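Colleague: Below is a structure I'd like to ask you about.
The values are calculated or read from the model by the stated rules, or taken from the named source; none is laboratory data. None of these values were measured; they are calculated from a predicted model. Because the Cβ atoms are built from the backbone with ideal geometry, glycine has one as well, and the counts that use them run over all protein chains shown. What goes into the accessible areas is simple: the full protein's heavy atoms, side chains included, and nothing from ligands, DNA or RNA. Shrake-Rupley method; radii C 1.70, N 1.55, O 1.52, S 1.80 Å.
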Amino acid sequence: MKQSQGVVLGFFFIVVAWAAPFPPAYAKDEPNISFEAQWERLIYFNQSFRINTPAFLLSYDDPSPAKELERTVEYFQRSLEVCKYPARYSLLLWHKKIEPIDRVCLELREYWDLAPADEFKYVLAGRSVDSITSMMGHGFLASEGKVLSSSEFVSHSYAFYTDLRQASSLTLAYDAFIGGMRGSFALRPYQRDVDRYLNVENREVWELYLDLDEKSRQLLRDSLWELKDVEPTYYFQSFNCATLTLYALAIVNPDLLNYEKLFVSPDDIYKALRLERMVSRVTNILPANYSERSENYEPLQNPQDSILGVHMLNNGTIVSFTPASHNLRTIFPDNQPSSQFKIMAFDYNVSKKNFESFYLLDYLDFKDYDLGWSKAVSFNYADGSYKNLDKKNYHAQYLIGAGKDPDSLHYGILSGVGINLSEGVYAQVELVAGSNITSGLKVISSSKFSHFGDNKYYLENDVGFVYRLSRYELFLQHFVKRNSFSRNSYTAAGVDYYF
């Protein structure tokens, strides 16, 4: 189902409104989950604390769920009003661990009034090549309802993000994956986010309306309030928008943490909510110039984000591991163009007992030229020397180009520059062509040409066939590599398991 876009709403968190009455405590019926499980989810604990800052934990000096509970009870025993921890207050009051507190601070009352939660939805925006933090899409929660004081219908986004404008372009990859970046929370007009995704970034949007009772909606809304002054460290691969959203939703359904993996992506949240039957309805909004596709497609059909593979070639057996997310040969549903996105991935030669390659970040995305430029970014340790086909080297590159996506065929060309640790700056051209012959069969071909100084070059061509069977992909690829001095060719056959 598709819907039209609405009006941009006013900003929130600096607001002036009439005080609203304290909302009723959550349902008096016994919950289906234990207090201990819900308490741990509320403080973002699952074997360890995912948010461990003094702005969030009262037991920050020596944290544990038991100690945090003890200090929270003490906190409310000496408090004159409810303000900083409304979700904790409601949960503890519900389980009769504290006495009622009559007063509520004005700021919290304004939040209840101006950010109603008559409904919650999980929002999934498609992948974006333009931002390192959106290369696997973006997921967040949104609430909507009528303002108590005016009966106006409003909708707001709850966003966890990092501000890339404050990051150095030279250290961005290191900061995003290893060093960490400062994370921030924001509550802002939902329609403004949707307009940006659709009209500026040409990204589709999926809205999953959550099947939550009033008690759960209030608890989720209040738990998100408790994060407003917290600035946890943002890591692209281990604590990102999807990780935070999964933990927030686990407050109302602790079983969702069973879907936590080595790397949690926005797609994973979509799949978990559908599999847990927490969705009442789904809305898909497409940009005006988005390419046509099957009405039956949805992200639930996308492959899992982690890959364990093994393949045989002439110099031995290679075991590969990709924590996130997919190879150029990966088959996506509905004839989606080929792309590649690897984070912290490696290939290990079992026969030679050494690493063939390591990918800190390797990203290539082709999209139809009508939707903008295609791009490729990589920071790798792999083949690439013009002197020796077997020599490994560190290199980084940035390419830009154009692609076309007519029906099931897609093709494109990219060009740019790279830096090789031994050989210096080089020019790079890359061509990719592929076709999804059926929903489970794909043919893919690519060609890479690197030109170094003194007319020295490195050329790599490959063509392959891929067959998908549930979570497995069987592939057969032929490679031809040559440079200024020699030539080498070989065939690889293997299987990738997506989990």
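Colleague: How much of Trp373 can a 1.4 Å solvent probe reach, expressed as accessible area in Å² and rounded to 10?
Modeller: Only protein atoms counted, so the area is about 130 Å².
Colleague: Here's something else I'd like to know. Which percent of Cα-Cα pairs in region 433-475 sits in each 5 Å bin, short to long?
Modeller: Computed distribution, short to long bins: 6, 18, 21, 14, 12, 9, 8, 6, 4, 1.
Colleague: Let me ask something else. When the Debye formula is applied to the Cα atoms of region 77-126, each taken as the same point scatterer, what base-10 log of I(q)/I(0) results at q = 0.16, 0.18, 0.25 Å⁻¹?
Modeller: -0.59, -0.69, -1.01
Colleague: Give the share of C-alpha pairs in each 5 angstrom bin for region 233-345, from 0 to the last occupied bin, in whole percents, shortest bins first.
Modeller: 2, 9, 17, 18, 19, 16, 11, 5, 2, 1, 0
Colleague: Taking every Cα atom in region 407-450, find the radius of gyration and the maximum pairwise distance Dmax, and write them in Å.
Modeller: Taking only Cα atoms of region 407-450, I get Rg and Dmax of 14.5, 43 Å.
Colleague: Sorted by packing (mean other beta-carbon atoms within 10 Å per residue), highest first, where do 260-272, 468-480 land?
Modeller: Descending mean neighbour count gives 260-272, 468-480.
Colleague: Now for a different question. Can you pull the percent of region 51-101's accessible area that's carbon plus sulfur, 1.4 Å probe, other chains left in place?
Modeller: Values: 1270 of 2550 Å².
Using a 1.4 Å probe with all protein chains present, region 51-101 comes out at 50 percent carbon and sulfur.
Colleague: Ignoring everything but the protein chains, give the 1.4 Å probe accessible area of Asp407 in square angstrom, nearest 10.
Modeller: 140
Colleague: Please report the carbon-and-sulfur percent of the accessible area for region 216-261; probe 1.4 Å, protein heavy atoms only, DNA, RNA and ligands left out.
Modeller: The nonpolar share, carbon plus sulfur, comes to 34 percent.
Colleague: Which whole-angstrom value gives the distance between the alpha carbon centres of region 327-346 and region 35-71?
Modeller: Taking the Cα centre of region 35-71 as reference, the centre of region 327-346 is 38 Å away.
Colleague: Shifting gears a bit: Please work out how much length the chain gains when fully extended from Leu474 to Glu214, using 0.36 nm per residue of separation minus the C-alpha to C-alpha distance, in nm with one decimal.
Modeller: That pair, Leu474 and Glu214, stretches by 88.9 nm at full extension.
Colleague: Separation between the Arg71 and Phe499 pseudo-spin-labels, each 7 Å from Cα along Cα→Cβ, expressed in nm?
Modeller: My value for the distance between the label points is 3.7 nm.
Colleague: Next question. For the pair Glu36 and Phe153, what calculated FRET efficiency results from E = 1/(1 + (r/R0)^6), where r is the Cβ-Cβ distance and R0 = 25 Å, to the nearest 0.05?
Modeller: It comes to 0.05.
Colleague: Provide the per residue accessible area, probe 1.4 Å, for region 377-456, rounded to a whole number of square angstrom.
Modeller: Ligands and nucleic acids excluded, the figure is 48 Å² per residue.
Colleague: With 25 Å as the limit, write out which pairs from Lys352/Lys391; Lys367/Lys448; Lys121/Lys215; Lys121/Lys228; Lys261/Lys375 have Cα-Cα distances beyond it, or answer none.
Modeller: Lys261/Lys375
Colleague: Based solely on C-alpha atoms, express the radius of gyration and the Dmax of region 58-146 in angstrom.
Modeller: Here Rg and the maximum Cα pair distance are 18.1, 52 Å.
Colleague: Can you pull the semi-axes for region 394-480, root of five times each eigenvalue of the Cα gyration tensor, sorted largest first, whole Å?
Modeller: Those come to 30, 15, 11 Å.
Colleague: Continuing with this model, one more query. With the Cα gyration tensor of region 315-429 in hand, convert its eigenvalues to equivalent ellipsoid semi-axes via √(5λ) and list them largest first in whole Å.
Modeller: Values: eigenvalues 142, 73, 24 Å².
Taking √(5λ) for each Cα gyration eigenvalue gives 27, 19, 11 Å.
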